[in-house]
Amino acid sequence: MATVADMLENLKALDIKKEALVSIAATSEKILDLNREQLLHGKRSDGTTMPNYSKASVEVYGKPAGPILLYDTGRFQQSFKLDVGSSKIEFLSDDLHDLKKRYGDNIFGLGATNQEYYNQEVFLPEFSQKIESQTGLKIK
C-alpha cells in the first residue's frame, strides 16, 4: 500500500501538460474523424456554415445543393493529420487547392458540440487512465 509520502512524490513527478499532450496524440484520429464529419455537414470549427455550392456546381458537376463539403474524391479529408507538439497542436493536410486559404483556418478544428463530446467521451477517459496509472488515484 502506498503511503501519503509516496503519493505526494508521485504527484510532484507528474507532468500534467505532457500527459495531456500524450492523450491528445493517442486520440488524434478521433479528432480528425470528428473534423471530417463536421465538414461533411458543411460546418467550420467556429460554428459557421460553409458557403453554398454555386448553381453551376450543382447542375453541371452534380454537387449537392447546400453548403460546400470540401469533399470531391476524399483525398483532402483523408490527408488530415494532427501534429501534437510540445507547445501547440496543428492540423496538417495535403491542401493542393489552397482550401484553407480560400475557406479559412476554421475548416480545421472542432465546433463546440464536437469539442465537448471529444473532451468528455474521448480525451478524459484516456487522460484519466494515464493519471491513474501514474498516481494510483482514481478519477471519477
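Carbon and sulfur: what percent of the chain's accessible surface (1.4 Å probe)?
C and S atoms contribute 53 percent here.
Report the residue, chosen from ASP46, ASP72, ASP105, that carries the largest GNM mean-square fluctuation when the chain is represented by alpha-carbon nodes joined by springs under 10 Å.
Looking only at ASP46, ASP72, ASP105, the biggest GNM fluctuation is shown by ASP72.
With a Förster radius of 22 Å, plug the Cβ-Cβ distance of ARG36 and ALA65 into 1/(1 + (r/R0)^6) and report the FRET value to the nearest 0.05. Let's see the in-between values first.
Values: r = 21 Å, r/R0 = 0.95.
It comes out at approximately 0.60.
Note the angle between two axes, namely the Cα long axis of helix 28-39 and the longest principal axis of the Cα atoms of the chain, as a number of degrees from 0 to 90, rounded to the nearest 10.
Computed tilt is about 30 degrees.
Expected output is a single nm value to one decimal: the length gained when fully extending between ARG102 and THR73, i.e. 0.36 nm times separation in residues minus the C-alpha distance. What is it?
The ARG102-THR73 span can extend by a further 8.6 nm.
Remind me, relative contact order of the stretch 1-133 in percent, using alpha carbon pairs under 8 angstrom and six or more residues apart?
It rounds to 31 percent for the stretch 1-133.
Using a Förster distance of 22 Å, how high is the FRET efficiency between ASP6 and SER86, based on the Cβ-Cβ distance and rounded to 0.05? Spell out each step's value before the answer.
Values: r = 28 Å, r/R0 = 1.29.
The formula returns an efficiency of 0.20 here.
When the helix-only estimate is applied to the chain (DSSP H runs of n ≥ 4, each -39,500 (n - 2.57), divided by the residue count), what is the mean residue ellipticity at 222 nm, nearest 500 deg cm²/dmol?
The helix contribution divided over the chain gives -12500 deg cm²/dmol.
Under the rule of at least 5 residues apart or a separate chain, name every residue whose amide H is placed under 5 Å from the amide H of ASN52.
Long-range HN contacts for ASN52: ILE68.
Among residues other than PRO64 whose Cβ falls under 15 Å from its Cβ, what is the net charge (Lys/Arg +1, Asp/Glu -1)?
+1
Quick one: the Cα spread of the chain along its three principal axes, in angstroms, biggest first?
72, 26, 21
Which one of GLY47, GLY62, GLY85 has the biggest mean-square fluctuation once the chain is modelled by GNM with Cα springs under 10 Å?
GLY62
Can you order the peptides 7-14, 129-136 by their average number of other Cβ atoms within 10 Å per residue, highest first?
Put in order of decreasing packing, that is 129-136, 7-14.
Could you state the accessible area per residue of the chain in Å², with a 1.4 Å probe and every protein chain left in place?
Working: 9090 Å² over 140 residues.
Heavy-atom accessible area per residue stands at 65 Å².
Under 10 Å, Cα contacts only: if you run a Gaussian network model on the chain, which one of GLY42, GLY74, GLY66 comes out with the highest mean-square fluctuation?
GLY74
Would you mind giving the average projected area, over all directions, of the Cα convex hull of the stretch 25-65 in nm² with one decimal?
Details: hull surface 14.0 nm².
Dividing the Cα hull surface by four gives the mean projection, 3.5 nm².
The values are calculated or read from the model by the stated rules, or taken from the named source; none is laboratory data. Source: prediction; values computed, not measured. Here Cβ is always computed from backbone atoms with ideal geometry, including for glycine, and neighbour counts include all displayed protein chains. Note: accessible area is taken over every heavy atom of the protein model, side chains too, but ligands, DNA and RNA are not part of it. Shrake-Rupley method; radii C 1.70, N 1.55, O 1.52, S 1.80 Å.
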